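Right, one structure below, let's go through it.
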Amino acid sequence: MLDKIKDFASEFFVTGDPLVLGAQVSIGLSIVAIIFALTFFKKWKWLWTEWLTSVDHKKIGIMYIIASILMLFRGGVDALLMRVQLAAPQLDFLHAEHYNQIFTTHGVIMILFMAMPLMFGLFNIVVPLQIGARDVAFPFLNSLSFWMFFFGAMLFNVSFVIGGSPDAGWLAYPPLSELSGSPGLGQDFYIWGIQISGIGSLATGINFIVTILKMRAPGMKLMQMPMFVWSVLSSCITIIFAFPILTVTLFLLFLDRYLGAHFFTLDGGGNPMMYINLIWMWGHPEVYIVVLPAFGIFSEVVSAFSKKKLFGYKSMVFALMSISFFSFFTWAHHFFTMGSGADVNAFFAITTMLIAIPTGVKVFNWLFTMYRGRITFSTPMMWAVAFIPCFVVGGMTGVMLSVAPADFQFHNSYFLIAHFHQVLIGGVVFGYFAGLYYWWPKMFGFRLHEGIGKWAFWFWNIGFYVCFMPQYALGLMGMTRRVNAYDFDMGWQPLNVVSTVGAFLMGLAFIFQVWQIAHSIKFYKKEKDGDAWDGRTLEWSIPSPAPLYNFARLPRVTSQDDWWERKQRRAKGEPEEPLAPLEPIHMPKNSGIPFIMSVCWFTAGFGFVWDWKWMIVLGLAGVIACMLARSFSYDTDYYIPVDEIERTEAALRGTK
Amino acid sequence: MAHATTKSAAGAHGGGHGAGHAGGHHEEHHDQESLKTFGFWLFLITDVILFGTLFATFVVLRLNTDGGPTGAELIELNGIIASTFILLTSSFTSGVAVLEMNKGNKRGLILWLAITALLGAAFIYLEVTEFIHLVHEGATIGTSAYWSAFFTLVGTHGLHVSVGLVWMVALMLQLSRRGITPVTTRKVNIISLYWHFLDVVWIFVFTIVYLMGVM
């Protein structure tokens with residue numbers, strides 16, 4: 001009996017690696033600590049009723065952001081481990097297999113479990129407030145999206161200590177990712193982790209399109225929406241067209257591995273190249289999905305901190321929409337070397353270059369918005385300003401990569417690595433940081449310490465250039481991606497050492513940010529006015545943090561930057577519209593079904609990974625039961641009575 | 001189009017946005033239902049992409065039989081033509097169910113939904129029979145790329161129909177308990193949309209997989 005358990009455990013847990021053992025011990029200890037703390041402080045019920053079952057978009061947004069910051073930490077540690085290995089490959093810090101696992105999980109985590117949830121977190125917190133709505137269109141589905149993401153991410157992450165990490169690259173190209181190339185369980189964790197969270201992302205896409213198109217405050221025309229809302233709309237439209245392709249592609253790979261199908265295998269008539277086409281039909285739009293909202297954030301921040309209306313509003317909308325359209329016609333530029341022929345390559349090269357045009361339009365719009373503005377360099381604005389040169393360089397190297405004949409030289413080299421890190425860090429991460437700093441007071445009702453934030457900013461920026469500029473040169477010197485070792489006589493070591501120093505500077509910057517948050521909590525100073533930055537859009541017209549129902553009275557919008565215009569009119573002493581009487585507010589009830597259903601998905605996914613039939617059946621039966629339970633429940637909403645609204649408002653605004 | 005399906009509900013609030021600005025709980029409820037219908041249309045778009053990807057996969061792999069059996073050798077069209085007519089008829093009966101609902105006839109609605117579900121079940125029965133036949137003839141999902149793509153595409157459609165069946169039964173129970181309300185009206189409208197959608201997808205399956213592949 002004991003031997004059986006031992007055998008099982010040695011197969012179940014990843015063994016024989018001191019780094020992993022350390023992680024196992026610390027994960028075990030932190031779980032025990034969390035359970036102890038929750039029990040000791042009697043917080044289980046609070047956790048369940050206030051957070052796990054919440055359908056409030058503001059709380060869901062905060063949970064997304066917390067999860068994404070944890071994932072940023074894990075992805076960042078992965079990156080630092082790789083950089084240590086590459087600075088001194090002679091030390092054999094990471095052996096080849098471990099290195100493969102780490103670059104795979106670094107990529108997946110940073111894109112799917114860091115950038116995506118950070119983006120969804122900002123969608124959730126900001127969009128309903130900016131359009132003057134009380135929640136998203138489908139609050140229940142919103143909660144389900146979050147928990148699907150969360151448990152998908154957990155399923156993926158658990159592979160690190162149980163069963164083994166995936167190691168076939170972040171997009172898992174076959175035939176390597178097939179059973180023949182990756183017989184271990186890591187690849188199955190990859191498939192199910194991403195699949196489950198991907199369904200959540202798809203639902204979020206639908207949810208926000210409906211929210212934006214149908215739930216705007218009375219009077220707000222499409223062309224009066226804040227630019228961030230436009231960017232969310234374009235991103236969500238891209239999501240609903242791109243994510244089903246990912247779902248199918250991963251499902252086909254699963255069939256290959258689980259039922260012995262022959263979609264992407266080398267034998268049986270399968271075609272691995274088809275996988276690469278399919279995955280990039282999702283993968284390329286995906287990078288625009290994450291960067292478009294960052295463009296929206298920059299538009300908000302630049303205009304707010306320049307005290308000017310956004311320059312070229314219409315061209316900005318047009319640029320966002322055309323990027324989301326063109327993003328579907330560039331996928332083959334990821335594999336010009338595949339051998340599709342000159343005509344195909346020429347088509348995709350041209351579409352790729354075309355997409356630089358609307359992007360360029362935006363850059364000029366931001367510059368012209370700043371031109372002759374009264375600029376204040378608060379932290380959000382600093383991130384926005386730092387983004388522009390960084391993204392321009394990243395974009396230009398992208399245009400270099402789009403030249404198909406030249407790409408044969410750049411393909412899969414460190415030049416490419418430097419390029420996409422520059423657009424993803426310089427574009428997406430800087431953008432979301434700008435957004436996080438900008439909307440932080442709105443989320444939590446207090447400001448972050450500016451001084452420490454500036455230290456973090458400079459460490460991030462300097463670290464970034466020190467880390468990635470040498471990589472362009474390394475790429476041109478012939479260093480290819482995904483190598484864990486090279487000979488000293490290649491001459492790559494000095495630049496790699498520099499690059500590693502840069503990576504650690506960014507790591508330090510992250511610590512500064514953690515310190516900044518901790519410091520600001522310790523010296524908590526309640527934000528008195530909801531309008532932290534003298535903002536322009538509706539979210540600044542209500543108290544921080546916003547009450548459950550957001551707006552006691554739905555605002556009536558008459559122009560773009562409506563809140564700013566209202567403040568201008570107020571300053572001029574123009575008479576304001578009389579306040580309409582309060583009415584009971586219709587709100588959705590909390591529900592535990594999204595959480596339970598996602599646990600069931602996790603169970604089913606875990607069962608598929610280990611091929612434990614009983615677990616699969618249990619999980620899927622739970623999913624069906626949850627769906628039926630939801631379908632049969634009719635008592636899903638309630639009304640907040642007027643006197644309760646009055647009391648809340650009086651307390652928040654300090655009038656009584 | 002979303003408005004057309006909630007005609008009975010939409011009249012009161014016109015083109016207004018947002019829940020509740022015009023006051024009145026009754027109206028808000030209708031607005032919620034039209035949001036859900038619109039959301040379902042968007043879901044159908046994602047399902048179109050899902051099937052589109054599967055069709056593309058099938059078309060790319062249609063000749064990759066790896067020296068094994070081809071579709072033309074094993075597939076018997078007679079059963080397929082029968083199941084096509086059954087599914088098309090079920091689309092018609094689901095339309096009749098919606099008409100009965102608009103007349104306010106609860107019993108007629110449930111009856112026609114039940115007929116639709118029975119036809120759907122017959123379709124699934126025929127499909128399962130066909131799959132068993134093919135497996136006996138030596139064509140499984142692992143035989144070759146062609147059969148992988150075949151079983152996945154046709155099976156995904158079948159899975160959609162099966163989900164629809166469970167959903168329809170659940171809906172009949174709700175209707176018998178709660179009658180025709182704005183909420184159940186929306187639900188019937190949505191499932192009938194879903195059912196018509198699956199019918200359209202089947203026409204493509206029938207054309208591309210069976211007619212073009214077998215004849």
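Need a quick list: helices (runs of 4 or more DSSP H) entirely within segment A:50-157 having at least 1 residues that are within 26 Å of A:Y638 (Cα to Cα) and in contact (Cβ under 8 Å) with a residue 24 or more places away in the chain.
On the way: elements: A:57-87, A:96-108, A:116-130.
So the answer is A:57-87, A:116-130.
Restricting to segment A:544-560, name every residue that is within 27 Å of the chain's Cα centre (by Cα) and away from chain B (no Cβ under 14 Å).
Listed by number, the residues that qualify are A:S544, A:P545, A:A546, A:P547, A:L548.
Going by the conditions given, is A:A604 at negative phi and in contact with a Leu (Cβ under 7 Å, 6 or more places away or on another chain)?
yes
Looking at segment A:212-235 only, could you name the residues that are assigned to a helix (DSSP H, G or I) and either within 9 Å of chain B (Cβ to nearest Cβ) or of a type in the set (D, E, K, R) (or both)? Give the derivation first.
Quick first cut of segment A:212-235, residues assigned to a helix (DSSP H, G or I) only: A:212-214, A:222-224, A:227-235.
Across segment A:212-235, the qualifying residues are A:L213, A:K214.
Taking segment A:537-577 only, how many residues are on the phi > 0 side of the Ramachandran plot and in contact with a Lys or Arg (Cβ under 6 Å, 6 or more places away or on another chain)? Outline the logic, then answer.
If we filter segment A:537-577 for residues that are on the phi > 0 side of the Ramachandran plot, which is where we start, we get A:550, A:561, A:573.
Checking which are in contact with a Lys or Arg (Cβ under 6 Å, 6 or more places away or on another chain) leaves us with A:550, A:561.
Residues that pass the stated criteria total 2.
Step by step: first the residues of segment B:27-56, then only those that are farther than 18 Å from A:T249 by Cβ and of a type in the set (G, A, S), then the one that is nearest to the other protein chains (Cβ to nearest Cβ). Which residue is that?
Taking the candidates together, the pick is B:G39.
Anything in segment A:121-140 that is surrounded by fewer than 24 Cβ atoms within 10 Å (Cβ to Cβ) and over 22 Å from A:A217 (Cβ atoms)? List them, or say none.
A:F140
Inside segment A:336-421, counting only helices (runs of 4 or more DSSP H) that do not spill past its ends, which hold 1 or more residues that are under 26 Å from the mean Cα position of the chain (by Cα)?
Answer list for segment A:336-421: A:342-370, A:379-402.
Do any residues in segment A:333-345 that are closer than 16 Å to A:M281 by Cβ have Cβ atoms under 8 Å from those of residues that are crowded, with 19+ Cβ neighbours inside 10 Å and acidic (D, E), where the two are at least six apart or on different chains, and which pairs are they?
A:H333/A:D407; A:F336/A:D407
Got a number for residues in segment B:57-74 being facing chain A (nearest Cβ under 8 Å), in a helix (DSSP H, G or I) and not polar (S, T, N, Q)?
Residues that pass the stated criteria total 2.
Among the residues in segment A:290-310, are any within 11 Å of another protein chain (Cβ to nearest Cβ), surrounded by fewer than 23 Cβ atoms within 10 Å (Cβ to Cβ) and part of a loop (DSSP other than H, G, I, E, B)?
No, segment A:290-310 contains no residue that is within 11 Å of another protein chain (Cβ to nearest Cβ), surrounded by fewer than 23 Cβ atoms within 10 Å (Cβ to Cβ) and part of a loop (DSSP other than H, G, I, E, B).
Among the helices (runs of 4 or more DSSP H) lying completely within segment A:585-656, list those that include at least 2 residues that are touching a residue at least 12 places away in the same chain (Cβ under 8 Å) and within 13 Å of chain B (Cβ to nearest Cβ).
Working: elements: A:593-610, A:613-632, A:642-653.
Correct list: A:613-632, A:642-653.
Determine whether segment A:481-494 contains at least one residue that is of a type outside the set (K, R), in the same structural domain as A:V287 (by TED's automatic domain parsing), buried (at least 19 other Cβ atoms within 10 Å of the Cβ) and closer than 30 Å to A:A96 by Cα.
Yes, because at least one residue in segment A:481-494 is of a type outside the set (K, R), in the same structural domain as A:V287 (by TED's automatic domain parsing), buried (at least 19 other Cβ atoms within 10 Å of the Cβ) and closer than 30 Å to A:A96 by Cα.
B:E137 - would you say it is crowded, with 18+ Cβ neighbours inside 10 Å and within 30 Å of A:L255 (Cβ to Cβ)?
So B:E137 fails the test.
Look at A:V287 and say whether it is under 18 Å from A:F318 (Cβ atoms), more than 8 Å from chain B (Cβ to nearest Cβ), among the hydrophobic types (A, V, I, L, M, F, W, C) and in contact (Cβ under 8 Å) with a residue 60 or more places away in the chain.
Working: under 18 Å from A:F318 (Cβ atoms): no; more than 8 Å from chain B (Cβ to nearest Cβ): yes; among the hydrophobic types (A, V, I, L, M, F, W, C): yes; in contact (Cβ under 8 Å) with a residue 60 or more places away in the chain: yes.
So A:V287 fails the test.
Suppose we keep only residues that are among the aliphatic types (A, V, I, L, M) and farther than 12 Å from A:E539 by Cα within segment A:436-452. Which one would you say is nearest to the chain's Cα centre (by Cα)? Step through it out loud before you land on a result.
From segment A:436-452, those among the aliphatic types (A, V, I, L, M) are A:436, A:443, A:448, A:452; that's our starting set.
Filter again for farther than 12 Å from A:E539 by Cα, leaving A:436, A:448, A:452.
Working: A:L436: 12, A:L448: 21, A:I452: 24 Å.
Among residues in segment A:436-452 that are among the aliphatic types (A, V, I, L, M) and farther than 12 Å from A:E539 by Cα, the one nearest to the chain's Cα centre (by Cα) is A:L436.
Filter segment A:116-165 down to the residues that are of a type outside the set (S, T, N, Q), over 22 Å from A:F433 (Cα atoms) and under 16 Å from the mean Cα position of the chain (by Cα) and list them by number.
Once the filter is applied, which keeps residues that are of a type outside the set (S, T, N, Q), over 22 Å from A:F433 (Cα atoms) and under 16 Å from the mean Cα position of the chain (by Cα), segment A:116-165 yields A:W147, A:M148, A:F151, A:G152, A:M154, A:F156.
Looking at B:R178 and the list (1) under 16 Å from B:I80 (Cβ atoms); (2) at the interface with chain A (Cβ under 10 Å from one of its Cβ atoms); (3) not aliphatic (A, V, I, L, M), which single condition is not satisfied?
Single failed check for B:R178: (1).
Within segment A:1-30, how many residues are under 22 Å from A:G186 (Cβ atoms) and aliphatic (A, V, I, L, M)?
So the count comes out to 8.
Please give the number of the condition B:A170 fails out of (1) within 21 Å of B:I81 (Cα to Cα); (2) of a type in the set (G, A, S); (3) within 19 Å of the chain's Cα centre (by Cα); (4) within 12 Å of another protein chain (Cβ to nearest Cβ).
The single condition B:A170 does not satisfy is (1).
What residue, among those in segment A:236-251 that are among the aliphatic types (A, V, I, L, M) and within 7 Å of chain B (Cβ to nearest Cβ), is nearest to A:Y432 (Cα to Cα)?
A:I240
For segment A:238-267, how many residues meet the condition of being buried (at least 22 other Cβ atoms within 10 Å of the Cβ), more than 20 Å from the chain's Cα centre (by Cα) and among the small types (G, A, S)?
The qualifying residues number 1.
I need a count of the residues in segment B:140-167 that are in a helix (DSSP H, G or I), within 14 Å of another protein chain (Cβ to nearest Cβ), buried (at least 20 other Cβ atoms within 10 Å of the Cβ) and free of Cβ contacts under 8 Å to residues at least 40 places away in the same chain.
Qualifying residue count, segment B:140-167: 1.
Being more than 14 Å from every other protein chain (Cβ to nearest Cβ) and over 22 Å from B:I203 (Cα atoms) narrows it down to one of B:L109, B:L118, B:L126, B:L88, so name that one.
It is B:L109.
The values are calculated or read from the model by the stated rules, or taken from the named source; none is laboratory data. Note that the structure is predicted; figures quoted are calculated from it, not measured. Don't worry about glycine lacking a Cβ; one is built from the backbone with ideal geometry, like all the others, and counts go over all protein chains shown.
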